[in-house]
Amino acid sequence: MKQFIKNGIPSSTYLVLATISLLGMGKIEAKDAFDWIATEPPILVASSIIGRLLNDLLSHGVYIVYIYLLN
């Protein structure tokens, strides 16, 4: 499970989306916001893990249905 979490956080791309969303927020302290994201705050890490787990569960479900339909 530790290996999954270690690889799941960067591959979920949630941190990238959070960073990009800061660019579109207008007048904020950009340096402070980017420094905050660079520390990988627990709320973003938890969101990344939840998103990755949901994605894996849903894709597994689609795969099972696909195999069922082939038979």
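In degrees, nearest 10, range 0 to 90: what is the angle between the Cα axis of helix 14-23 and the longest Cα principal axis of the chain? Between helix and principal axis, roughly 40 degrees. The modelled label-to-label distance for the pair Asp35/Gln3, using points 7 Å beyond Cα in the direction of Cβ, is 3.8 nm. For segment 5-11, the Karplus equation 6.51 cos²θ - 1.76 cosθ + 1.60, evaluated at θ = phi - 60°, returns couplings of 5, 4, 8, x, 5, x, 7 Hz by residue, with Gly and Pro reported as x.
Just to confirm the number: angle between the C-alpha axis of helix 42-70 and the first principal axis of the chain, 0 to 90 degrees, nearest 10? Result, in degrees: 20. In the chain, the portion of solvent-accessible area held by carbon and sulfur atoms comes to 70 percent [1.4 Å probe, whole percent, DNA, RNA and ligands not counted].
Stretching the chain fully between Met25 and Ile67 yields a gain of 10.7 nm (0.36 nm per residue, less the alpha carbon separation).
Accessible area per residue for the chain is 81 Å², calculated with a 1.4 Å probe on protein heavy atoms, without ligands, DNA or RNA.
Multiplying the residue separation of Val16 and Ser59 by 0.36 nm and removing their Cα-Cα distance gives an extension gain of 13.3 nm.
Taken over the alpha carbons of segment 1-70 as equal point scatterers, the Debye sum produces base-10 log I(q)/I(0) values at 0.16 Å⁻¹ of -0.65.
The values are calculated or read from the model by the stated rules, or taken from the named source; none is laboratory data. What you see is a predicted model, and the numbers here were worked out from it, not measured in a lab. Counting neighbours? That spans all protein chains shown, and the Cβs are built from the backbone with ideal geometry, glycine included. Protein only, heavy atoms only, side chains kept; ligands, DNA and RNA dropped before computing areas. Shrake-Rupley method; radii C 1.70, N 1.55, O 1.52, S 1.80 Å.
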